[in-house]
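Working notes for the structure below.
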Amino acid sequence: MNLDVCKDFQIKETQSGLLLVTPFEYEDHDKIVVFAERRPEGRWLVHDNGDAALRLMFDSVSPDSARIRTWLSETTLGIEWDDKNNQLQRIAANEDEIVRSALKVAQAAAQMQAMVSHRVSREESTFKEEVLKLLKEVSEETGVEAKFDVPVDQKRLFNSDCLFLVPDYPLSIFVATSTERLLEAELAWSELRRAGDPTRVFAVVEDAKQVGLKQVERADYFTDKTYRYRDWEEIFRDAVKRSVKPEAATH
(Lines give C-alpha, C1' and ligand atoms only; values in the text may rest on other atoms or scores of the structure.)
Protein backbone atom coordinates (compact mmCIF):
# COMPACT_ATOMS: atom_id res chain seq x y z
CA MET A 1 0.00 0.00 0.00
CA ASN A 2 1.34 3.43 -0.92
CA LEU A 3 -0.11 6.08 1.36
CA ASP A 4 0.62 9.73 0.68
CA VAL A 5 2.06 10.68 4.09
CA CYS A 6 4.20 13.48 5.45
CA LYS A 7 7.86 12.50 5.72
CA ASP A 8 7.53 12.96 9.49
CA PHE A 9 5.29 9.87 9.73
CA GLN A 10 6.67 6.31 9.82
CA ILE A 11 4.35 3.61 8.57
CA LYS A 12 4.51 -0.18 8.96
CA GLU A 13 2.17 -2.91 7.80
CA THR A 14 0.72 -5.29 10.39
CA GLN A 15 -1.46 -8.39 10.14
CA SER A 16 -4.59 -6.36 10.79
CA GLY A 17 -3.64 -3.22 8.88
CA LEU A 18 -1.16 -0.44 9.57
CA LEU A 19 0.89 1.08 12.37
CA LEU A 20 1.71 4.79 12.06
CA VAL A 21 4.39 6.41 14.23
CA THR A 22 3.45 10.09 14.29
CA PRO A 23 5.70 13.10 15.00
CA PHE A 24 3.55 13.97 18.04
CA GLU A 25 4.83 13.07 21.51
CA TYR A 26 3.47 12.36 24.97
CA GLU A 27 4.85 14.26 27.97
CA ASP A 28 7.61 11.66 28.44
CA HIS A 29 8.66 12.18 24.78
CA ASP A 30 7.43 8.77 23.62
CA LYS A 31 6.08 9.06 20.08
CA ILE A 32 2.33 8.78 19.72
CA VAL A 33 1.54 5.62 17.76
CA VAL A 34 -1.74 5.14 15.90
CA PHE A 35 -3.18 1.94 14.45
CA ALA A 36 -5.40 1.47 11.39
CA GLU A 37 -7.41 -1.74 11.04
CA ARG A 38 -9.38 -2.90 8.02
CA ARG A 39 -13.12 -3.29 8.57
CA PRO A 40 -15.17 -5.94 6.71
CA GLU A 41 -17.23 -3.26 4.94
CA GLY A 42 -14.10 -1.65 3.46
CA ARG A 43 -13.67 1.19 5.92
CA TRP A 44 -10.79 1.59 8.38
CA LEU A 45 -10.86 1.91 12.17
CA VAL A 46 -8.08 4.28 13.25
CA HIS A 47 -7.30 4.24 16.99
CA ASP A 48 -4.65 4.76 19.69
CA ASN A 49 -4.96 1.24 21.17
CA GLY A 50 -5.82 2.72 24.57
CA ASP A 51 -2.43 4.43 25.10
CA ALA A 52 -3.92 7.81 26.05
CA ALA A 53 -6.29 6.25 28.59
CA LEU A 54 -3.48 4.15 30.09
CA ARG A 55 -1.35 7.25 30.61
CA LEU A 56 -4.27 9.00 32.27
CA MET A 57 -4.64 6.09 34.69
CA PHE A 58 -0.92 6.27 35.51
CA ASP A 59 -1.66 9.86 36.59
CA SER A 60 -4.60 8.59 38.69
CA VAL A 61 -7.12 10.18 36.33
CA SER A 62 -10.12 8.23 35.07
CA PRO A 63 -11.12 8.55 31.40
CA ASP A 64 -14.68 8.58 32.77
CA SER A 65 -14.11 11.83 34.65
CA ALA A 66 -16.50 14.68 33.89
CA ARG A 67 -13.68 16.85 32.56
CA ILE A 68 -12.51 14.25 30.04
CA ARG A 69 -16.06 13.39 28.96
CA THR A 70 -16.94 17.05 28.46
CA TRP A 71 -13.81 17.59 26.37
CA LEU A 72 -14.58 14.54 24.21
CA SER A 73 -18.11 15.80 23.57
CA GLU A 74 -16.88 19.26 22.59
CA THR A 75 -13.76 18.48 20.56
CA THR A 76 -13.89 19.36 16.88
CA LEU A 77 -11.48 16.58 15.90
CA GLY A 78 -14.27 14.13 15.06
CA ILE A 79 -12.99 11.64 17.62
CA GLU A 80 -15.09 8.89 19.22
CA TRP A 81 -14.50 7.15 22.55
CA ASP A 82 -14.71 3.35 22.64
CA ASP A 83 -15.81 2.43 26.18
CA LYS A 84 -15.09 -1.27 25.68
CA ASN A 85 -11.44 -0.78 24.70
CA ASN A 86 -10.87 2.59 26.41
CA GLN A 87 -9.46 4.04 23.21
CA LEU A 88 -9.69 7.13 21.05
CA GLN A 89 -10.81 6.28 17.54
CA ARG A 90 -12.00 7.64 14.23
CA ILE A 91 -13.49 5.92 11.18
CA ALA A 92 -11.73 6.44 7.85
CA ALA A 93 -14.01 5.93 4.86
CA ASN A 94 -11.16 4.70 2.65
CA GLU A 95 -7.36 4.51 2.38
CA ASP A 96 -7.13 8.18 1.41
CA GLU A 97 -8.64 9.13 4.77
CA ILE A 98 -6.26 7.07 6.93
CA VAL A 99 -3.52 9.69 7.32
CA ARG A 100 -5.97 12.48 8.16
CA SER A 101 -7.71 10.28 10.73
CA ALA A 102 -4.38 9.21 12.25
CA LEU A 103 -3.38 12.84 12.60
CA LYS A 104 -6.64 13.66 14.39
CA VAL A 105 -6.30 10.70 16.77
CA ALA A 106 -2.71 11.71 17.60
CA GLN A 107 -3.79 15.30 18.21
CA ALA A 108 -6.54 14.12 20.55
CA ALA A 109 -4.17 11.83 22.47
CA ALA A 110 -1.69 14.68 23.01
CA GLN A 111 -4.44 17.09 24.04
CA MET A 112 -5.98 14.61 26.46
CA GLN A 113 -2.73 14.20 28.38
CA ALA A 114 -2.01 17.93 28.24
CA MET A 115 -5.37 18.63 29.88
CA VAL A 116 -4.24 16.73 32.95
CA SER A 117 -0.55 17.63 33.11
CA HIS A 118 -0.94 21.39 32.68
CA ARG A 119 -2.89 23.92 34.68
CA VAL A 120 -3.58 26.96 32.54
CA SER A 121 -3.72 30.40 34.17
CA ARG A 122 -6.34 33.00 33.23
CA GLU A 123 -3.71 35.08 31.41
CA GLU A 124 -2.56 32.08 29.35
CA SER A 125 -6.13 31.04 28.57
CA THR A 126 -6.86 34.42 26.94
CA PHE A 127 -3.83 34.29 24.63
CA LYS A 128 -5.61 32.75 21.65
CA GLU A 129 -8.61 35.00 22.15
CA GLU A 130 -6.35 38.07 22.12
CA VAL A 131 -4.55 37.01 18.95
CA LEU A 132 -7.78 36.23 17.07
CA LYS A 133 -9.19 39.63 18.07
CA LEU A 134 -6.03 41.29 16.74
CA LEU A 135 -6.25 39.35 13.46
CA LYS A 136 -9.89 40.34 12.97
CA GLU A 137 -8.87 43.97 13.46
CA VAL A 138 -6.09 43.57 10.88
CA SER A 139 -8.60 42.16 8.42
CA GLU A 140 -10.89 45.16 8.96
CA GLU A 141 -8.05 47.68 8.78
CA THR A 142 -6.56 46.27 5.58
CA GLY A 143 -9.74 45.17 3.85
CA VAL A 144 -8.23 41.71 3.25
CA GLU A 145 -10.73 38.93 3.89
CA ALA A 146 -9.84 36.46 6.61
CA LYS A 147 -11.37 33.09 7.43
CA PHE A 148 -11.01 31.41 10.81
CA ASP A 149 -10.48 27.77 11.79
CA VAL A 150 -10.24 26.50 8.22
CA PRO A 151 -8.14 23.78 6.49
CA VAL A 152 -4.98 25.23 4.99
CA ASP A 153 -3.88 22.32 2.79
CA GLN A 154 -5.60 20.43 -0.02
CA LYS A 155 -5.77 17.21 2.00
CA ARG A 156 -7.49 19.08 4.86
CA LEU A 157 -5.00 17.68 7.36
CA PHE A 158 -4.20 20.96 9.11
CA ASN A 159 -6.53 23.71 10.29
CA SER A 160 -5.27 27.28 10.36
CA ASP A 161 -6.59 29.52 13.12
CA CYS A 162 -6.74 32.36 10.60
CA LEU A 163 -6.29 32.40 6.83
CA PHE A 164 -5.90 35.73 5.05
CA LEU A 165 -7.04 35.41 1.44
CA VAL A 166 -4.18 37.36 -0.07
CA PRO A 167 -4.19 36.97 -3.88
CA ASP A 168 -1.50 34.52 -5.07
CA TYR A 169 0.09 34.22 -1.60
CA PRO A 170 -2.45 33.43 1.16
CA LEU A 171 -1.23 33.83 4.73
CA SER A 172 -2.15 31.30 7.42
CA ILE A 173 -1.69 31.96 11.11
CA PHE A 174 -1.28 29.19 13.70
CA VAL A 175 -1.79 30.30 17.30
CA ALA A 176 0.59 27.91 19.06
CA THR A 177 -0.81 27.54 22.57
CA SER A 178 1.20 24.33 23.04
CA THR A 179 4.23 22.50 21.70
CA GLU A 180 1.88 20.20 19.78
CA ARG A 181 0.16 23.11 18.07
CA LEU A 182 3.54 24.58 17.08
CA LEU A 183 4.46 21.22 15.57
CA GLU A 184 1.22 21.29 13.57
CA ALA A 185 2.29 24.63 12.09
CA GLU A 186 5.62 23.10 11.06
CA LEU A 187 3.95 20.04 9.54
CA ALA A 188 1.50 22.26 7.66
CA TRP A 189 4.37 24.35 6.27
CA SER A 190 6.23 21.18 5.19
CA GLU A 191 3.11 19.75 3.53
CA LEU A 192 2.40 23.02 1.68
CA ARG A 193 5.97 23.26 0.41
CA ARG A 194 5.90 19.62 -0.70
CA ALA A 195 2.67 20.24 -2.62
CA GLY A 196 3.98 23.43 -4.24
CA ASP A 197 1.30 25.49 -2.50
CA PRO A 198 2.31 29.19 -2.13
CA THR A 199 0.38 29.67 1.13
CA ARG A 200 2.65 31.14 3.80
CA VAL A 201 2.62 29.93 7.41
CA PHE A 202 3.15 32.15 10.45
CA ALA A 203 3.15 30.69 13.95
CA VAL A 204 2.76 32.81 17.07
CA VAL A 205 3.58 31.72 20.62
CA GLU A 206 2.73 33.61 23.77
CA ASP A 207 6.17 33.08 25.30
CA ALA A 208 9.02 30.99 23.92
CA LYS A 209 9.70 29.45 27.34
CA GLN A 210 6.12 28.22 27.56
CA VAL A 211 6.39 25.91 24.54
CA GLY A 212 10.15 25.40 24.69
CA LEU A 213 13.04 27.54 23.44
CA LYS A 214 14.45 24.76 21.25
CA GLN A 215 11.05 24.12 19.69
CA VAL A 216 10.59 27.80 18.85
CA GLU A 217 14.10 28.05 17.38
CA ARG A 218 13.36 24.98 15.23
CA ALA A 219 10.02 26.42 14.15
CA ASP A 220 11.80 29.44 12.67
CA TYR A 221 13.23 27.05 10.07
CA PHE A 222 10.00 25.14 9.44
CA THR A 223 7.55 28.04 9.14
CA ASP A 224 7.80 31.23 7.15
CA LYS A 225 8.14 32.99 10.50
CA THR A 226 7.47 32.23 14.16
CA TYR A 227 6.66 35.20 16.37
CA ARG A 228 6.73 35.79 20.12
CA TYR A 229 3.58 37.63 21.17
CA ARG A 230 3.68 38.80 24.81
CA ASP A 231 5.35 42.27 24.96
CA TRP A 232 5.71 42.19 21.16
CA GLU A 233 2.04 42.58 20.23
CA GLU A 234 2.49 45.65 18.00
CA ILE A 235 5.44 44.12 16.18
CA PHE A 236 3.33 41.04 15.44
CA ARG A 237 0.38 43.18 14.30
CA ASP A 238 2.62 45.22 12.00
CA ALA A 239 4.25 42.09 10.57
CA VAL A 240 0.86 40.58 9.71
CA LYS A 241 -0.39 43.84 8.18
CA ARG A 242 2.78 44.18 6.13
CA SER A 243 2.41 40.58 4.92
CA VAL A 244 -1.21 40.93 3.80
CA LYS A 245 -1.06 44.52 2.54
CA PRO A 246 2.39 46.18 2.56
CA GLU A 247 1.07 49.74 2.18
CA ALA A 248 -1.07 49.33 5.31
CA ALA A 249 1.86 48.63 7.63
CA THR A 250 2.95 51.12 10.27
CA HIS A 251 6.23 52.84 9.59
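The values are calculated or read from the model by the stated rules, or taken from the named source; none is laboratory data. Computed from a predicted model, the values in this text were never measured in an experiment. So basically every Cβ, Gly included, is an ideal-geometry build from the backbone, and we count neighbours across all protein chains shown. To get the accessible areas, we keep the full protein, side chains included, count just its heavy atoms, and leave off ligands, DNA and RNA. Shrake-Rupley method; radii C 1.70, N 1.55, O 1.52, S 1.80 Å.
Just name the residue that is modelled with the lowest pLDDT out of those in segment 173-194 that are open to solvent by 30 Å² or more (accessible area, probe 1.4 Å) and more than 18 Å from T22 (Cβ to Cβ).
Top of the filtered list is T177.
Sort through L56, L77, L18 and tell me the only one that's touching a residue at least 12 places away in the same chain (Cβ under 8 Å), aliphatic (A, V, I, L, M) and assigned to a loop (DSSP other than H, G, I, E, B).
Step by step, each of L56, L77, L18 is checked, and only L77 is touching a residue at least 12 places away in the same chain (Cβ under 8 Å), aliphatic (A, V, I, L, M) and assigned to a loop (DSSP other than H, G, I, E, B).
Can you pull out the residues in segment 215-249 that are under 16 Å from S139 (Cβ atoms), in contact with a helix residue (DSSP H, G or I) (Cβ under 8 Å, 6 or more places away or on another chain) and of a type outside the set (D, E, K, R)?
Listed by number, the residues that qualify are F236, V240, V244, A248, A249.
Looking for something over 28 Å from E27 (Cα atoms) and within 19 Å of the chain's Cα centre (by Cα) - is there at least one such residue anywhere in segment 223-230?
Checking segment 223-230: not a single residue is over 28 Å from E27 (Cα atoms) and within 19 Å of the chain's Cα centre (by Cα).
Any residue at all in segment 160-172 that's in a loop (DSSP other than H, G, I, E, B), in contact with a Phe, Trp or Tyr (Cβ under 6 Å, 6 or more places away or on another chain) and open to solvent by less than 50 Å² (accessible area, probe 1.4 Å)?
No, segment 160-172 contains no residue that is in a loop (DSSP other than H, G, I, E, B), in contact with a Phe, Trp or Tyr (Cβ under 6 Å, 6 or more places away or on another chain) and open to solvent by less than 50 Å² (accessible area, probe 1.4 Å).
Can you name the residue in segment 198-214 that is assigned to a loop (DSSP other than H, G, I, E, B) and modelled with pLDDT under 95 and is also most open to solvent (accessible area, probe 1.4 Å) among such residues?
Checking each candidate, the answer is D207.
Every residue in segment 21-38 that is in contact (Cβ under 8 Å) with a residue 24 or more places away in the chain and surrounded by fewer than 21 Cβ atoms within 10 Å (Cβ to Cβ), please.
Selection gives P23, E25, Y26, E27.
Tally up the residues in segment 131-159 that are of a type outside the set (S, T, N, Q), open to solvent by 60 Å² or more (accessible area, probe 1.4 Å) and not in a strand (DSSP E or B), please.
Total satisfying the criteria: 8.
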